[in-house]
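Novice: Submitted below is the structure of interest, expressed as structure tokens.
The values are calculated or read from the model by the stated rules, or taken from the named source; none is laboratory data. Just so it is clear, the structure is predicted and the values come from calculations on it, not from any experiment. With ideal geometry, Cβ positions are generated from the backbone for all residues, glycine too; neighbour counts draw on all protein chains shown.
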Ligand code: CAA
């Protein structure tokens with residue numbers, strides 16, 4: 001029922017806005033409201049905290065459906081999940097009750113701030129943002145970059161070093177709220193794709209955060225950050241899969257209608273075999289994603305491995321299928337009048353964020369053979 005409702009919403013309200021959202025590079029408040037009104041912003045949040053109490057499998061299928069038409073809009077749902085997960089995973093009962101209902105209802109937007117200018121893939125070793133305890137507060141200093149929805153977020157889960165000598169136990173997690181003194185939004189990135197999703201720098205300048213907003217114990221932040229990625233990478237895999245599936249649908253319909261040498265181009269082997277490969281890759285990626293989502297639902301011991309494999313496979317499929325979709329449409333595919341051009345630009349980020357494809361391979365191989373020294 002949820003998926004049927006999402007398909008209708010996407011067809012009626014999201015798909016007609018997709019090109020304009022990309023063109024204007026604006027966060028689509030109307031689409032966020034639409035998702036909030038239809039309870040799509042808190043699917044995996046338990047009902048006791050105001051969410052739908054749905055499965056991760058439902059959640060990824062919803063992200064996929066939206067991404068078929070508009071990758072920027074799908075990111076509203078995916079980043080609401082990413083931003084709330086540190087609270088769901090690391091928060092106390094009081095913090096969950098304080099923050100999650102407003103995130104589930106869409107009254108508040110959530111974001112996740114891990115990345116820094118010199119700390120992307122090496123999230124732990126190169127983190128510089130500091131949090132120093134002062135009475136009942138922490139004083140945060142530093143900058144985060146590439147923060148999706150950072151400029152529209154009301155609550156941001158921020159990771160900062162509390163003990164530089166303690167390695168993976170020296171990072172703590174905090175909920176920083178909009179309006180807190182010393183917290184501001186810096187530069188907005190101009191991007192190749194997902195242009196309706198604001199990506200910004202966040203600045204912490206003697207930002208005072210109550211100790212009551214620390215998630216988990218001091219020093220537990222990095223583990224919380226990693227556990228979050230285990231459950232959020234499938235959401236990005238779903239976005240990637242949706243982009244690929246949307247491009248494949250468009251290219252298939254085009255190949256049935258466009259005539260060359262007296263018949264539809266899809267019936268020429270050169271194009272027909274491309275479509276066959278695209279379809280096979282999309283369905284293979286879908287099976288891997290749904291299995292990863294089931295692992296999230298079961299809290300399976302190998303969820304880290306599956307989340308990374310799904311992100312790796314779906315991201316690569318998104319890039320190759322959208323590139324081929326542009327090829328099937330030929331010159332029209334290269335024009336912004338047709339959606340596959342936008343889809344190809346949107347696909348690229350799914351090979352980069354929430355851990356590059358190289359980081360996914362590192363995580364997968366470590367799960368297989370260990371890290372070593
Ligand atoms: N669950 C629980 N604990 C975990 C974990 C997991 N999945 N992964 C690692 N840890 C623990 C380790 O067990 C280790 O603990 P101990 O020190 O107690 O042994 C600790 O965390 C440090 O782990 P590693 O030794 O593996 O650390 P590392 O520095 O060698 O590697 C990494 C870590 C996997 C490379 C990690 O830094 C990483 O994932 N980097 C990529 C960062 C990333 O994905 N960023 C995405 C930003 S968000 C985003 O992009 C969203 C968006 O815009 C939409």
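Novice: Kindly evaluate residue 86 against the criterion of being out of contact with any strand residue (DSSP E or B) (no Cβ under 8 Å at 6 or more places or on another chain) and farther than 22 Å from residue 283 by Cβ.
Specialist: No: the conditions fail for residue 86.
Novice: Checking residue 192 against (1) within 24 Å of residue 68 (Cα to Cα); (2) in contact with a helix residue (DSSP H, G or I) (Cβ under 7 Å, 6 or more places away or on another chain); (3) buried (at least 17 other Cβ atoms within 10 Å of the Cβ), which single condition isn't satisfied?
Specialist: (3)
Novice: Quick one: in region 333-363, which of the residues that are outside any helix (DSSP H, G or I) and within 13 Å of the ligand (Cβ to nearest atom) is surrounded by the most Cβ atoms within 10 Å (Cβ to Cβ)?
Specialist: 354
Novice: Here is a list of conditions, (1) part of a helix (DSSP H, G or I); (2) free of Cβ contacts under 8 Å to residues at least 12 places away in the same chain, and residue 300 meets all of them except one; can you say which number that is?
Specialist: So the condition that residue 300 fails would be (1).
Residues are listed down the side, and each one gets a yes or a no for (1) assigned by TED's automatic domain parsing to the domain that holds residue 157; (2) more than 14 Å from the chain's Cα centre (by Cα); (3) free of Cβ contacts under 8 Å to residues at least 60 places away in the same chain:
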position	(1), (2), (3)
42	no, yes, no
49	no, yes, yes
54	no, yes, yes
67	no, no, no
74	no, no, no
81	no, no, no
93	no, yes, yes
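Novice: From 284, 276, grab the single residue that is assigned to a helix (DSSP H, G or I), more than 24 Å from the chain's Cα centre (by Cα), modelled with pLDDT of 95 or more and loosely packed, with under 15 Cβ neighbours inside 10 Å.
Specialist: Values: 284 fails: more than 24 Å from the chain's Cα centre (by Cα).
Selected residue: 276, the only one of 284, 276 that is assigned to a helix (DSSP H, G or I), more than 24 Å from the chain's Cα centre (by Cα), modelled with pLDDT of 95 or more and loosely packed, with under 15 Cβ neighbours inside 10 Å.
Novice: Can residue 71 be described as at pLDDT 95 or above and over 18 Å from residue 177 (Cα atoms)?
Specialist: For residue 71, the condition - at pLDDT 95 or above and over 18 Å from residue 177 (Cα atoms) - is met.
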